[in-house]
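Nothing in this text is a laboratory measurement; each read-out follows from the coordinates by a stated rule. None of these values were measured; they are calculated from a predicted model. Virtual Cβ from ideal backbone geometry, glycine too; neighbours counted across all protein chains shown.
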Amino acid sequence: MLTTMSQPPSQTDMRIRPAQFNELGQLSALAMRSKAHWGYSAAQMDCWREDLSLRPEQIAPQVCRVAVMERRLAGFFVLAVDQQWSLDHLWVDPIWIGHGVGKALLRQACGLAAEQGANALAIDSDPYAEAFYCSQGAQRVSTLPAPIAGDPARVRPQLRLSIG
């Protein structure tokens, strides 16, 4: 039986797997749709296009996973490690927001990072995503100025999520 949007999918309908190189364009488009969901202008979205486009080196099994629902890409994450572990990307296709995809992806990201010795994830959050991350245990540690047209006081919350 196919799941309809009036009947939210269960977690058992979701599969999380490593991303594939041939999905690079689809994942970048998903990131753009997800960011646009918050009502940012087309001009602003064009400014962010490069930052939201994945690069081939980000599609590695140990750091990039996708969620698949009803045989469609529902979301993905990318982890990065420099001096600390960070969540470089976590995007959910707008049609799947509110169906547990983000929570499942974040749990998987934390698990992968913990397996590799991390005890926390740094998250550079969109202001609209902060409530989600905080509901999952993240805490705001600072902010970065991130003004955009029409919102010169905009900031990006800098979060820390303890894991393990």
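So if I place +1 on the C-beta of Lys and Arg and -1 on the C-beta of Asp and Glu, and nothing else carries charge, what would the dipole magnitude of the chain be about its Cα centre? I want it in debye, nearest 20. Each step should come with its number before you reach the end.
Details: 15 positive and 15 negative charges, 65 e Å.
Dipole size: approximately 320 debye.
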Discussion item. Here are labelled values, [x] 18.9; [y] 15.4; [z] 16.4, and one is the computed Kirkwood radius over Cα pairs in Å for what I pasted. Which one?
Written reply: [z]
Worksheet item: Per-residue HN-Hα couplings for segment 100-106, Karplus 6.51 cos²θ - 1.76 cosθ + 1.60 at θ = phi - 60°, whole Hz, x for Gly and Pro?
Response: x, 5, x, 4, 5, 5, 5
Worksheet entry | Mean Cβ count within 10 Å, highest first, over the residues of peptides 119-131, 37-49 | 119-131, 37-49
Fill in: Relative contact order of segment 40-164, defined on C-alpha pairs under 8 angstrom at six or more residues apart (%)
19
Item to complete: State the antiparallel share, in %, of DSSP beta bridges confined to the chain, rounding to the nearest 5.
Response: 95
